[in-house]
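Read-outs throughout are calculated quantities, based only on the coordinates presented, and are distinct from any laboratory measurement. Quick caveat, the model's predicted, so the values are computed rather than measured. Note that we place each Cβ from the backbone using ideal geometry, even for glycine, and neighbour counts take in every protein chain shown.
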Ligand code: EPZ
């Protein structure tokens with residue numbers, strides 16, 4: 001088991017390069033198997049979830065050739081198996097995107113049913129509703145989803161819930177269905193648009209991604225392409241909040257500022273100065289942050305994946321703030337860890353009331369999930385003492401070179417693998 005040990009107190013200052021979007025990449029890797037020709041994918045983030053997805057794809061017989069840390073070639077022409085084992089689903093839920101991809105291409109897929117996870121129960125009824133509407137027979141057998149169809153047909157579908165996963169999964173299955181599919185009440189997140197753009201680059205005919213209605217005219221076959229994944233707006237937002245809570249001055253490079261609108265707006269509300277460039281955003285924080293109210297919503301609302309980061313900032317802001325989490329039911333666990341660092345928080349249902357304190361004090365805490373783990377690191381960087389964070393494998397699932405990037409901005413953070421290494425760090429930093 002590894003930990004992050006952090007000696008906070010330094011303002012983070014400098015520029016940091018943002019990697020490709022993990023959540024776009026996971027879906028695009030699945031979609032890449034839909035053609036028998038070779039697809040080159042660039043700007044792939046080098047994080048654990050991506051490696052697991054590549055293993056799942058290789059596991060069904062696709063050819064996966066890692067060109068370098070950020071580029072991969074995939075050829076789906078060698079697939080022999082339509083069955084994704086529970087082992088993969090257990091590690092990354094997003095391997096369920098192979099359900100839509102395999103069903104769309106071959107008319108058959110078997111994928112272990114994902115359970116809940118640390119952030120909530122996470123049903124997939126909308127994915128299954130979409131596959132059924134396309135004419136697939138979908139059964140749950142022995143813990144597996146089995147989807148089959150001799151002939152997928154275009155359909156008119158209205159999602160009951162705005163879901164990123166269901167929008168992407170059903171869009172993939174519909175890409176090769178017979179005729180026109182109209183999907184209403186779809187998710188509009190940048191990664192939904194990126195997956196549609198990728199599918200179009202391999203020959204699909206998808207219009208409207210980024211709006212509430214997506215129209216997909218099915219095609220018979222898909223072809224090769226070279227595609228570069230969009231920057232990760234959540235990674236970017238995480239570093240922007242790191243600047244805010246450490247009273248720093250950080251410029252995130254290689255971003256699409258439009259994707260960061262909701263985050264920028266909240267950083268403004270709490271008193272940060274923001275400068276936007278074509279593909280960079282600078283955040284400058286001086287003095288104490290101000291309180292605000294925030295509610296997570298589907299894009300273009302404030303993202304649930306940025307909720308813990310703003311939570312840390314508000315726990316240090318002057319005054320009383322509230323956070324309402326409206327997407328997942330279990331995304332406040334990090335607040336208990338923050339309370340161990342001195343934050344004053346009351347949680348009732350899906351809302352948290354936070355009385356900002358002037359300072360946190362260092363403590364030993366645990367990362368409850370990916371985004372919450374990253375947010376707790378930021379809390380550690382804003383704390384004068386030493387903070388030790390356990391369970392950091394969550395963070396490594398989705399943030400490339402997290403500690404290296406923080407160190408390049410002046411953060412004092414190390415990854416340790418034993419109590420001895422922790423003590424050595426503490427002696428070194430005094
Ligand atoms: C994606 O999850 C992301 N994961 C999540 O990021 C992110 O938090 C979430 O979207 C919301 O933006 C990936 O892209 C791999 P949803 P997803 O389907 O697709 C309900 C991270 O840290 N729902 O948009 O699973 C669901 O319970 C991760 O990178 C149904 O009721 O999210 C939730 O309340 C964590 N039925 C809401 O919809 C369904 O069939 C939104 O979930 C599907 C979803």
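Details
- The packing ranking, built from the mean of other Cβ atoms within 10 Å per residue, places the peptides 380-388, 341-349 in the order 380-388, 341-349, highest first.
- Alpha-carbon gyration tensor eigenvalues x 5, square-rooted, for segment 308-376, Å: 17, 15, 9
- Contact order for the chain, expressed relative to its length and based on alpha carbon pairs under 8 Å spaced 6+ residues apart, stands at 20 percent.
- Shown for 97, 158, 86, 394: other C-beta atoms within 10 Å of each C-beta, ranked fewest to most, produce the order 158, 86, 394, 97.
- In plain terms, the residue of 189, 55 with the fewest other Cβ atoms within 10 Å comes first and the most crowded comes last, giving 55, 189.
- Between segment 186-216 and segment 230-307, the Cα center-to-center distance that results, in Å: 25
- Fully extended contour minus Cα-Cα distance, from residue 121 to residue 158, at 0.36 nm per residue: 11.1 nm
- Between 0 and 90 degrees, the angle of helix 233-245 with respect to the longest Cα principal axis of the chain falls at about 10 degrees.
- Extension gain, residue 276 back to residue 407 (0.36 nm per residue minus Cα-Cα distance, nm): 44.8 nm
- Potential extension, residue 340-residue 226 segment - 0.36 nm per residue separation minus Cα distance: 36.3 nm
- Kirkwood hydrodynamic radius of segment 222-344, Cα pairs, Å: 15.2
- The angle between the Cα long axis of helix 370-381 and the main principal axis of the chain comes to about 20°, on a 0 to 90 degree scale.
- Residues 355, 273, sorted so that the one with the fewest Cβ neighbours within 10 Å comes first: 273, 355
- Over the chain: helical MRE at 222 nm, DSSP H runs n ≥ 4 each giving -39500 (n - 2.57), nearest 500: -9500 deg cm²/dmol
- Computed over segment 228-306: relative contact order in percent, which uses C-alpha pairs under 8 Å that are six or more apart: 32
- Taking one quarter of the surface of the C-alpha convex hull of segment 141-212 gives a mean projected area of 5.5 nm².
- Inter-label distance, nm, simple model (7 Å from Cα along the C-beta direction), residue 207/residue 390: 5.6
- Acute angle (nearest 10 degrees) that the helix 48-59 long axis makes with the longest principal axis of the chain, alpha-carbon atoms: 20
- Across the alpha-carbon atoms of segment 226-293, the computed radius of gyration and Dmax are 12.1, 46 angstrom.
- Semi-axis lengths (Å, descending) of the ellipsoid that matches the C-alpha gyration tensor of segment 62-116: 21, 16, 9
- Projecting the alpha carbon convex hull of the chain along each direction and taking the average yields 19.1 nm².
- Expressed to the nearest 5 percent, the antiparallel share of DSSP beta bridges inside the chain is 70 percent.
- The distance separating the Cα centre of segment 1-67 from that of segment 104-133 comes to 22 Å.
- Averaging the sequence gap over all C-alpha pairs within less than 8 Å and six or more residues apart, then dividing by the number of residues, gives segment 118-203 a relative contact order of 27 percent.
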